[in-house]
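Visitor: Dropping a structure here in C-alpha cells format, bear with me for questions.
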Amino acid sequence: MFSTRWGRVQTTRLVQPRLLRAPQCRIRAQTRCSPSAPRLWKVSRLLPLKIRAAVNVLNLSTPSGILIARLGNAKLRRGPRGLVFAEGYRFRFPIAGAFTVGNVIITARTMRALADRTPGVLKHEDAHAWQWCALGPLFLPSYVLAMGWSVVRTGSIALANPFEMHAGLVSGGYVRPDESDESLRARSARSNAERNDFQNDVDEAASAF
Ligand SMILES: [Zn+2]
C-alpha cells in the first residue's frame, strides 16, 4: 500500500505530468493539422461585409441613411454584418415595416418586434444593403422605376419588383409563406381588375361633368 508521501510523489511524477501534457499535445496537434484555418475562414467570411460597409460609406448611402434616421428621431445601434439599426423612426413615410438606406435599416418599431412579425426580415434588408452597394446613387431611381413597373403589372409595389424579388418576397412580408404562385397570380389579376374598375369610375365621373 502506498504511503501518503509516496502517493504524492507518484502523483506528481507519473500521473500529473501525463494529465498536464495531454491538452498541450492536443492543441499542438490541432495547430499542426490546420494552421490558421479558422482565422482564414473568418477573414474570408468578413471581408465582403467590410467591403460592402466601405463602399456604402463612399457612395454616401450609409451617411444618408444615418441622416434620415436622425431626422426621424430614430435610435441608432450596431447590428450584425456591419449593419446599423435605426429604431423608433417617427415618420410614416415611406410606408413599410422597415426600409434600408446603405447599411442602415430604419424602422418605426424595434428590429426584434419586426423579426417577430416577419421572420427573415433581417436577411431581406441585408439584401437591400447589397443592392445599395452594387448601384450606389443609382439604386433609388432604379428602385422607383421597378416599383412603378410592378404596380402597373400587378397592382403591388413588390410582386414584380426585381429588387424585392431578389431580396425575398416572403421575408419582406409581401407574400405569405403558404401563398402559391397560382394564388399570387390570382391576387395580381384581382388588383388589376380593381384598378381598372376604379379607373372606369373616375372616367365615368369625369364624363358626367
Ligand atoms: Zn424590401
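The values are calculated or read from the model by the stated rules, or taken from the named source; none is laboratory data. These numbers were taken from a predicted model, which means no experiment stands behind them. All Cβ positions, even for glycine, are placed from backbone atoms using ideal geometry, and neighbour counts span all protein chains on display.
Visitor: Which of the residues spanning region 66-81 are free of Cβ contacts under 8 Å to residues at least 40 places away in the same chain and not in a loop (DSSP other than H, G, I, E, B)?
Guide: The answer is ILE66, LEU67, ILE68, ALA69, ARG70, LEU71, LYS75, LEU76, ARG77, ARG78.
Visitor: On the basis of being among the polar types (S, T, N, Q) and out of contact with any strand residue (DSSP E or B) (no Cβ under 8 Å at 6 or more places or on another chain), does THR62 make the cut?
Guide: no
Visitor: Here's a follow-up. If I filter region 161-173 for residues that are over 22 Å from ARG109 (Cβ atoms) and away from the ligand (no atom under 12 Å from the Cβ), do I get at least one hit?
Guide: no
Visitor: Additional query: Report whether or not LYS42 is more than 17 Å from ALA129 (Cα to Cα) and exposed (fewer than 13 other Cβ atoms within 10 Å of the Cβ).
Guide: Judged against the criteria, LYS42 is a match.
Visitor: Would you tally the residues in region 112-131 being in contact with a Gly (Cβ under 8 Å, 6 or more places away or on another chain) and either away from the ligand (no atom under 11 Å from the Cβ) or not β-branched (Val, Ile, Thr) (or both)?
Guide: So the count comes out to 8.
Visitor: With respect to THR118, determine if the residue is of a type outside the set (Phe, Trp, Tyr) and modelled with pLDDT of 95 or more.
Guide: Criteria not met by THR118.
Visitor: So the check is Cβ under 6 Å with 6+ separation or different chains; which pairs have a first residue in region 122-135 that's touching a residue at least 24 places away in the same chain (Cβ under 8 Å) and a second one that's of a type in the set (Val, Ile, Thr) and within 9 Å of the ligand (Cβ to nearest atom)?
Guide: Here the result reads GLU125/THR100; HIS128/THR100; ALA129/THR100, each pair linking region 122-135 to a residue that is of a type in the set (Val, Ile, Thr) and within 9 Å of the ligand (Cβ to nearest atom).
Visitor: Hey, another quick one. Take LEU60 and tell me if it is modelled with pLDDT under 95, within 30 Å of THR107 (Cα to Cα) and surrounded by 11 or more Cβ atoms within 10 Å (Cβ to Cβ).
Guide: no
Visitor: Would you tally the residues in region 144-160 being assigned to a loop (DSSP other than H, G, I, E, B) and more than 9 Å from the ligand (Cβ to nearest atom)?
Guide: Counting residues in region 144-160 that are assigned to a loop (DSSP other than H, G, I, E, B) and more than 9 Å from the ligand (Cβ to nearest atom) gives 5.
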